[in-house]
Amino acid sequence: MSNQQSLCRSPIALGTAIVLAIGWGLPAVAAEGLPYVYTDWKHFTVKDGLPNDHVFAVRVDGPRVWIGTEDGLACLDKRTGRIRSWKEKDGLPWRVVSGLDVDPKTGDLWIALFGGGLARFSGGRFDHWHQLNSGLVNDVVYGVAVENNNVWAATTAGASRYNTVTGEWTIFTEKNAPMEEIWNYAVTYADGKIYLGVWGSGVLEFDVATERWKDYLDPDREMEIDLYRDDGIVHVITTGTSFVDGILWVSSYFGMSRYDGRHWRGFYAHETGLPSDFGNAVKGRSATEAWFATDKGVGVLTDFATDTWVTYTMEPKTHKGRAVVSRGTKVLKVVDMERCLPHNYALWVEFDGNDVWVGTSKGLGWASGPDYYPGLKVEPIAGEEGESKNAARLAAAEAMKQSGVSSEDRPQ
Amino acid sequence: MGSRWIVAALSGLVLVPGTVALGQLRKPVYVGSEVCASCHAGPGFGHQFSRWLLSRHARAYAVLARPEAKLIAELSGIPEEPQESSMCLGCHATGAEVEEWEKDPSFHLEDGVQCEKCHGPGSEHVEAQRHLNRAAQLEAKMEIPTMDFCMACHAEKGSHVAVHQRPMLDMEAAWKEIAHPTPDEWSRAEPLGLPPPASEDAAQYVGSVACGACHRGPEMGYQWSRWKMSPHAHAYAALATAAARRIADEWGVAGDPQRNAECLRCHTTGWHDPAGGFADGFRLSEGVGCEACHGPGSEYVPEAIMRDPRAARLAGLREQSRETCLACHEKAHGKPFDYEKALAEIAHPTEPARQAGGPRYKTPLNMALRPDGQELYVACEASHTVIVIDVARRTKVAEIAVGGQPNDVTFSPDGRRAYVSNRLDDSVSVISVPARTVIAEIPVGDEPHGVLTDPTGRYLYVLNTLADSISVIDTESSTEVKRLSASRSPWSLALSPDGAQILVTNNLSRFVPFRTPSMSEVTVIDTERAVVENRVVVPAANLLQGVDWDPSGRFALITLNRTKNLVPMTRLLQGWTITNGLGIIWRDGRVDQVLLDEPGICFPDPADVAITPDGRLALVTSSGSNRVAVVDLRRLIGLLEEASHYEREHVFPNHLGKPTEFVIRHIPVSHSPRGVVITADSRTAFVANALDDSLTVIDLGRLEAVGRIDLGGPEVITQTRFGERVFHSAKVTFRRQFSCHSCHPDGHVDGLTYDIEPDGIGVSPVDNRTLRGILDTAPFKWEGTNPSLSRQCGPRLAVFFTRIDPFTPEELTALDRYICTIPRPPNRYRPLGAELTEAQRRGREVFYRTRTNDGRIIPKENRCATCHFPPLYTDRRQHDVGTKGPYDRESRFDTPHLNNIYDSAPYLHNGAAATLEEIWTRFNPYDQHGVTNDMTKDQLNDLVEYLKTL
């Protein structure tokens, strides 16, 4: 094991590095500790059995990891490492799997099919609902979420709710919801509420108990700029929502947002560890930690209070990985690793206990973190790496942030 | 006066009908006949109101209390009281299908067929008249019905003909009978007010409708309806007749007798003795009502008082007396009055009405042995009971009343509780075994069949046959914790010996593409996680019913049919139309199929299978041939294991010769054997003979029946019961291969599209239709060519289906009668009187709409309600709705009824539409089946939701 590998796998080593960085004149807030950095990554692509490398959705269900791709569904059994996949010839009703959710009670997998409607995979059988044979409003389904006995589908023509017990379909559009646009990008369910990410209509919150809607829009109504800071959602073209521990996390194509019920906070690449403002998805892990999948890598707000981020990217030329720890605009630490994201165009994030799965346009990444800790941690000094080498990396990382990541990261 | 409409009409107060609920204008609403009477009464209007009161229309609701109505209901498969059946009320009342908010407080369902039944809800008409607004009057013009409209209810109905034995209604004569023209020189008289109270302290009259709130129904001897059908209820209206005019003239009454105090004294309630006055809701037009004899009721009308005779008397309830009657009847109009005779005529004792109908059979279906083996519980569908058998003594020791149509029973692992599925009630009865009483009812999904607990007893699995789902019940809290997806029509289930899996058979095939073979499913439940872990496909098979595990846990056996529905029923290849057999479901998911039919004789309708605990034998019941097949499992498994893959996949499933290699005995039992259970010592089996109300005891050492346990059913075999036996017997088919029940399990559908006639493969394929509630929907057949059930089930059946001699006339008559009595389950989406959901309400607007979304008039012949009107939602005629396929001979098809339409997929004449939505999204491109292509997706969803309520 090389020194570099040792460094990459150990948060203890990160603590060491940050203490050394303090000695180089980096911000004193480093004394508050450092976040956990995932350094043990595995990749899964077509070569490993995925039906397609464009991974649009990931959903963990116990030992099974369901993977939705542009041309098929796959299931990775973590116990055996085996991947089984289904394409149309295997009964999958439509090739493009854009969203996944598992019914926690029945164990059934619900599948959003981009252009093909909605499917249920249960006991090896695919059931298919589409706009001709059911009440589904449209076949272009971006996302799916299970809420009690209901299944919600975010579609390009509104949201549909299917009651699996009564068989009733309900459509939500501008007619019966505060949906200024009906292009629904994302749907999630948490704590008795459905959250829809709607292209041009911000986030819509549906209270299941009262059947009432609440909308979160950009109050300044400016499409190009965030005129008033933290006045609401950063932009109404939202791509993802995630509600956890009372916090609503939002991704958009123009920055990210966090809402605690009273205050909004906007996040932009130029002032945080976000690799890009072009957010494809968001997954909140707690009130203080959220992962943003962007077109230039994955930005992780690891500690909201201190604005501490970890930015995961892949070097396009070498395919090696890098994690940059920053606080605000200040880079605290750079961790190079042999492998990180499979590709910088990240489309999905899924938590799996201490582990994290990232779907990208070039395969699936599995970040293993058996010793993951939330928030920050101050570790004793146990340096293994030369100070000058780290300082050079810090300088390079700063420069990269200033210039932006190369467009080579975009998917072909 | 109880009606604010009447008040409005009298006082000129501006009251907009129904403006309260929902925060929006509610109109039009039904206002009730009394409001119509505020104008349409009296000689100036030709006594229209009184003519109606004296007509049979006014008694239409009340006659549903007659025994004949019960018989008709039985022949229509209606299990409810006729006065509580939306089907009966659809023609015997007004506005039965509308919601409460669409009825003004002055509206009463009990008025039967009143003005608004034919002329539509009256609120707008009344409003327009009151304002004398000509434009509004035209806009609110009441419907003027045609004779065709009347035929919606008066078209000949088999059930009514069978009971009343009357010729078809002469509509011309009936039209004249109910004629009530408005005189050319009409004039409106102010309604007659009620007399003022005699004493503010005295009790008020509340009106007979208020009394009827309790004094109705069989448990009260239908008292209200008996009164309504009596001359007393017509006493007021009778004053408008020519006879009354004649008498009035004799008495020197110059004016309208209905306004003469002397006439009203005996022809109404309370006129001569206004007591404390008249409460809201009292109607003078009720004639001589309850309170005319029993005194004003405001003080005794509360139920708590009425249930205490002394309290009721103290509150003013009067006993009827000779004097009461004589006060009016003595020498009235010169007519003799026999008090005793008259009293007998109007007798209305407060005691339950005698149950109509014939003997109550038991119909045992499925059984379960108590874990200690000492008792056998038998679910008896027809008696709504579970019968307890002492296994050692082989006698019936108890009978426990449970819910409606119990189907299956199982025990908790500790044997202290038994669970019974109630198919009619959508519930599970929980029985305390020590107490032999029902201690709880658990609501589950539609038409539950099989029930079984997991090895720990924590979860109870209930198969919701009509909902295609499995309810998982937490037995401690008696609540449903989740609902799993089954395939179609989950039927029966069995726990693996290691307790890890439950196999569920599904009676119907999955939906398959048009004209492709069946593909049925055995659903595998992981009992540890209580989830579906696998779905084993059984190709080319359907009617998967019985299931049991081999004690080794290597495999399970299921019963199945192999229906050749894609080829004409003339082809004898591969065993003809419906072969019967077994499926072997291996633990790893592989499937074998073998037949139980043999070349000369078939084994029709295999219903259940049980394997001896020693793994030696399997017993299979054939409900169509009254036999039990004994399968030597060693031979069966050996046969399979020695065969090639090709033989197992392609030869055995259709090989009529193979059963002789493993079926070692056929044991005759009694009528329609269904469930079979075997004792833990593998020595005895019990078979439930559904249509003999008995169990057959089989000695598994001697392999013969050694006893019969009588469950206590009636000795007499009624015509209906005989017909039920004919329905379930394969005696009438070539090679004794199938019965009516084979294609109509539970009297319903097998979900298949058949190629029946020898006109070429694939020509004129037709969807199988339900038999539930069939009698009144003549003509039959998708092409509507069979005018009666007798024709449908007689010659036609022999020519196209059974292919041997037809039923005898006796059999055919009995069969037809039985088919008519197959229960029609209550609608699951809208119990009688329930409010519609918002979506259903919007859907109803779509159903009855007359204009497209862009305002174009929809031609009347192309509106939903034109052909599908209540209560059957069929005009019983043939129409071309653009669904003719390339292989159809005809383009015009019978209009199907829509009652419980949600449970009989697929749809259209050829079953091409798997869902209701597809009828319009795929098969109505030119708006021939209703104008639907302008509709938005949410409108279609709403329409579907409404259709489910019909």
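Things to note:
- With a requirement of 3 or more residues that are under 25 Å from residue A:118 (Cα atoms) and in contact with a Phe, Trp or Tyr (Cβ under 7 Å, 6 or more places away or on another chain), the strands (runs of 3 or more DSSP E) lying completely within segment A:142-257 that satisfy it span A:150-155, A:158-163, A:184-190, A:193-198, A:202-207, A:238-244.
- Selection from segment B:56-78 of residues that are among the hydroxyl-bearing types (Ser, Thr, Tyr) and modelled with pLDDT of 95 or more: B:61
- Checked against the criterion of being in contact (Cβ under 8 Å) with a residue 40 or more places away in the chain, charged (D, E, K, R) and closer than 16 Å to residue A:144 by Cβ, the candidates A:103, A:108 yield just one match: A:103.
- Some residue of segment B:220-240 being touching a Ser or Thr at 6+ places or on another chain (Cβ under 8 Å), more than 22 Å from residue B:325 (Cβ to Cβ) and in a loop (DSSP other than H, G, I, E, B): yes
- Out of A:280, A:184, one residue alone is out of contact with any helix residue (DSSP H, G or I) (no Cβ under 9 Å at 6 or more places or on another chain) and within 30 Å of residue A:35 (Cα to Cα). It is A:280.
- Segment B:696-716 residues that are polar (S, T, N, Q), paired with ones that are surrounded by fewer than 21 Cβ atoms within 10 Å (Cβ to Cβ) (beta carbon under 7 Å, 6 or more apart): B:696/B:670; B:696/B:705; B:696/B:708
- Residues satisfying the stated conditions in segment B:127-146, i.e. at pLDDT 80 or above and either among the charged types (D, E, K, R) or more than 19 Å from residue B:182 (Cβ to Cβ) (or both): B:127, B:143
- Those residues of segment A:119-142 which are within 17 Å of residue A:196 (Cα to Cα) and hydrophobic (A, V, I, L, M, F, W, C), in sequence order: A:136, A:137, A:140, A:141
- Filter pass, residue A:197 being within 14 Å of chain B (Cβ to nearest Cβ), in contact (Cβ under 8 Å) with a residue 12 or more places away in the chain, of a type outside the set (A, V, I, L, M, F, W, C) and buried (at least 24 other Cβ atoms within 10 Å of the Cβ): no
- Taken residue by residue, segment B:799-808 has no member that is touching a strand residue (DSSP E or B) at 6+ places or on another chain (Cβ under 8 Å), farther than 30 Å from residue B:99 by Cα, assigned to a loop (DSSP other than H, G, I, E, B) and in the same structural domain as residue B:740 (by TED's automatic domain parsing).
- Residue among B:529, B:483 that is among the charged types (D, E, K, R) and touching a residue at least 12 places away in the same chain (Cβ under 8 Å): B:483
- Qualifying positions in segment B:573-601 - in contact (Cβ under 8 Å) with a residue 12 or more places away in the chain, in a loop (DSSP other than H, G, I, E, B) and surrounded by fewer than 24 Cβ atoms within 10 Å (Cβ to Cβ): B:576, B:587, B:589, B:598, B:599, B:600, B:601
- Subset of segment B:211-260 (residues that are touching a Cys at 6+ places or on another chain (Cβ under 6 Å) and under 14 Å from residue B:286 (Cβ atoms)): B:211, B:239
- Only one entry of B:516, B:465, B:523 meets the criterion of being touching a His at 6+ places or on another chain (Cβ under 9 Å) and under 30 Å from residue B:754 (Cα atoms), and that entry is B:465.
- Strands (runs of 3 or more DSSP E) wholly inside segment B:487-572 that include at least 3 residues being over 32 Å from the mean Cα position of the chain (by Cα) and surrounded by fewer than 24 Cβ atoms within 10 Å (Cβ to Cβ): B:531-539
- Some residue of segment A:144-159 being touching a residue at least 40 places away in the same chain (Cβ under 8 Å), surrounded by fewer than 24 Cβ atoms within 10 Å (Cβ to Cβ), more than 10 Å from every other protein chain (Cβ to nearest Cβ) and farther than 30 Å from residue B:946 by Cβ: no
- Residue list for segment B:380-396, restricted to those being part of a strand (DSSP E or B) and more than 18 Å from residue B:359 (Cα to Cα): B:388, B:389, B:390, B:395, B:396
- All positions within segment B:658-700 that are among the charged types (D, E, K, R), crowded, with 18+ Cβ neighbours inside 10 Å and assigned to a strand (DSSP E or B): B:674
- Of the residues making up segment B:511-533, those that are within 8 Å of chain A (Cβ to nearest Cβ) and touching a strand residue (DSSP E or B) at 6+ places or on another chain (Cβ under 6 Å) are B:521, B:523, B:524, B:532, B:533.
- Scope segment B:489-516; condition in contact with a Ser or Thr (Cβ under 7 Å, 6 or more places away or on another chain) and among the basic types (Lys, Arg); matching residues: B:510
- Qualifying residues in segment B:840-871 (those that are more than 30 Å from the chain's Cα centre (by Cα) and of a type in the set (A, V, I, L, M)) - the one surrounded by the most Cβ atoms within 10 Å (Cβ to Cβ): B:858
- Residue check for residue B:437: surrounded by fewer than 20 Cβ atoms within 10 Å (Cβ to Cβ), among the hydroxyl-bearing types (Ser, Thr, Tyr) and either more than 18 Å from residue B:527 (Cβ to Cβ) or at pLDDT below 95 (or both): yes
- For segment A:251-292, the tally of residues that are under 20 Å from residue A:224 (Cβ atoms) and under 10 Å from the mean Cα position of the chain (by Cα) stands at 2.
- Candidates B:74, B:81: the one that is within 17 Å of the chain's Cα centre (by Cα), within 23 Å of residue B:208 (Cα to Cα) and among the acidic types (Asp, Glu) is B:81.
- Restricting attention to segment B:779-795, the residues being over 20 Å from residue B:875 (Cβ atoms) and assigned to a helix (DSSP H, G or I) number 4.
- When the residues of segment A:120-143 are filtered to those that are at the interface with chain B (Cβ under 10 Å from one of its Cβ atoms) and of a type in the set (Gly, Ala, Ser), the one that is surrounded by the most Cβ atoms within 10 Å (Cβ to Cβ) is A:135.
- All positions within segment B:839-861 that are within 25 Å of residue B:774 (Cα to Cα) and either touching a Gly at 6+ places or on another chain (Cβ under 7 Å) or in contact (Cβ under 8 Å) with a residue 40 or more places away in the chain (or both): B:844, B:847
The values are calculated or read from the model by the stated rules, or taken from the named source; none is laboratory data. These numbers come from a predicted model, not from an experiment. Using ideal geometry, Cβ is built from the backbone for each residue, glycine included, and neighbour counts are taken over all protein chains shown.
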